[in-house]
1. Return one number: the angle in degrees, 0 to 90 and rounded to the nearest 10, between the long axis of the Cα atoms of helix A:165-177 and the longest principal axis of the Cα atoms of chain A.
2. In a solvent-free Debye calculation with one equal scatterer on each Cα, what is log10 I(q)/I(0) for region B:1-85 at q = 0.19, 0.27 Å⁻¹, listed in the order of the q values?
3. Compute the FRET efficiency between B:Val162 and B:Ala59 as 1/(1 + (r/R0)^6), taking r as their Cβ-Cβ distance and R0 = 30 Å, and round to the nearest 0.05.
4. Beyond 22 Å, how much of the Cα-Cα pair distribution for region B:103-239 remains, as a whole percent?
5. If you project the alpha carbons of the protein assembly as shown onto the principal axes, what extent comes out on each, in Å, largest first?
6. Starting at the first residue of region A:242-251, write each ³J(HN,Hα) from the Karplus equation 6.51 cos²θ - 1.76 cosθ + 1.60 with θ = phi - 60°, in whole Hz, x for Gly and Pro.
7. Residues with amide H under 5 Å of A:Leu32's amide H, sequence separation 5 or more or different chain, H placed in the peptide plane at 1.01 Å from N; which?
8. What Kirkwood hydrodynamic radius, in Å, does region A:198-284 give when the mean of 1/r is taken over all pairs of distinct Cα atoms and then inverted?
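Derivation of every value follows stated rules applied to the coordinates shown; laboratory data play no part. The structure presented is a predicted model; accordingly, all values stated were derived computationally and were not measured. In this analysis, Cβ positions are derived from the backbone assuming ideal geometry, glycine residues included, and neighbour counts consider all displayed protein chains.
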Amino acid sequence: MIEIQELYKYYGDRRAIGPLSTRITQGEVVGLLGLNGAGKTTTLRVLACDLLPTSGSVRVAGLDVVERPDEVRAKVGYLPDRPPLYDDMTVREYLSYAARLRNVPASNVQKRVADVAELTEIGDVANQLIGSLSHGFKQRVGIAQAIVHGPELVVLDEPISGLDPVQIMEMRELVRGLRGAHTVVVSSHILTEISETCDRILVIDDGRIAWSGTETELSATLKQGMRIALTLRAAGKSAQATADQARAALSGLPSVREVEVLEPAEAGEGIASLRVAVSSDVREEVGKSLLQAGLGILELSREKELESMFLELLGEGHEHAGRKRRKQKQDEADRKQVEAATPSKEPA
Amino acid sequence: MRALIIARRELYAYLRSPLGSAIIAAALLVDGILFYFASLDTKRLSAQLLSQFFYDSSAATMVAGLLLSMRLLAEERQAGTITLLNTAPIRDRDIVLGKFISSFGVLTLMNLLTAYMPLMVYIRGKVSVGHILVGYLGLILLGAAVTAIGLFASSLARSQVVAVIIGAAMVASMILLWVVARAVSPPFNTFFSGLALHHENYRPFMVGTLSFDRVAYYLMLTYFFLLSATKVLEARRWR
């Protein structure tokens, strides 16, 4: 569906992306993951033919985006990070306008608008002015305009940006609902969001694909181990005694690196909560050891550490990217200061 | 034709927003007041009064043309809605043409609403229908050229205010070319006066003289600025 080879995009002298090569097959839901400024939006804008590449080849459904942009645009639906909505139009008028712009025959426009309004659950607000809608509904209208012409490829740039938790859940369902009928590319800087909705993750860093695969593969690649969350109960004992007993039971397992006692997740006698850091997946062994020690297991689950995995993948360890950038700026300022203080060596 | 879909949407925006109505109302009011004072001079011949009307109306047309066109592309860029057009299977020239048609259509409507004044001169005085028609042709051509300049300025700026300032500067420069023409010696004086937006090229229409050179001048000027606006849009994809 999408073939990108040696793609470069420069803004003036600044390289935004490149060299970037990847391939996305038809029907896939792919998440483009990266920090702010990594090149996600530029990549998506090139896919949507909003921007033209500086060099390299981008083909969508076999069509080159430079040579046949109009045909590519007819096959792509694009939701930018800021939905392109006219506040003075009603939802129905706007979707009809978007459909007509994208080659939907006049006789079919009303049906297409009704179909996408139903799919995105905006039928109730179809006759309201867009300017009067909530952010969540505006985002839905944005998705509706992206699919109103039945595109083969749907490109969504940060579709959950600014949504509340309930709206995020609804948006996830909506994006999942696009699977099958469309190939979908979604960008986000939130790894958990991508892993919830996508079949495959493309991690983009400094304009390049840093990694590609599923969340499980990502975890395996990093060999980081995992953390196990435990809630245990020992009848007739205090929470501290339960925690001590668990710690003793787990100390015999070679994979266990650290046991941390947390605030009890539930109220009740003898209930303790722990977090166990292990170097490999030993959840069964942990469960057996605890049961053999006479402890009741109320909860045993793997904690997701996707964000830290993501940062590690980008070579930043657990250091926050913003802190790194600030440090780079400081280093640059220091360098300039030293240069300014150094007398010129050029002859007078 | 895809340009007409955009033109329809833009006309709709003019009708819904108070801006379009306010600009038209203000221009008509100024036109009416100027015509009233011009008509108080009883020594003036009716043909002179008509010429004065077309002169005054040209100023209102230029100002209204700039104000109506300032939002065309600048507002789309400011609001981010230009992405909808940029990612639709539609050529940049159709975007520009659709925008131009809407703004020019509103401006022409505004000019036609002034027709009661020349009609009064026609009924009470001695002027030919040809003078009125040629005068309106001049106004419409001038309006098209100024709208195209305003559209080009709007393609350069993100803010409507900046767009109208750029457009006004360009129109003023082109009007003042006749002053430049006076200051330079032949053959440059002919060159500059031939390029002047108003003086040399518009006055014949005011007095009812139809010149195909002048018609061609305004049509070429309009085409040049519409083409320039299209090139600006195309260049933005490569930037």
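1. Between helix and principal axis, roughly 60 degrees.
2. Log-scaled intensity ratios, in q order: -0.88, -1.28.
3. The value I calculate is 0.85.
4. Here the tail beyond 22 Å accounts for 47 percent of pairs.
5. Each principal axis gives a Cα extent; for the protein assembly as shown these are 117, 77, 46 Å.
6. Rounded to whole hertz, the list is 4, 5, 5, 5, 5, 4, 5, 5, 7, 5.
7. Those qualifying (amide H under 5 Å, at least 5 residues apart or on another chain) are A:Val186, A:Ser187, A:Ser188, A:Leu202.
8. Hydrodynamic radius (Kirkwood, Cα only) of region A:198-284 equals 15.2 Å.
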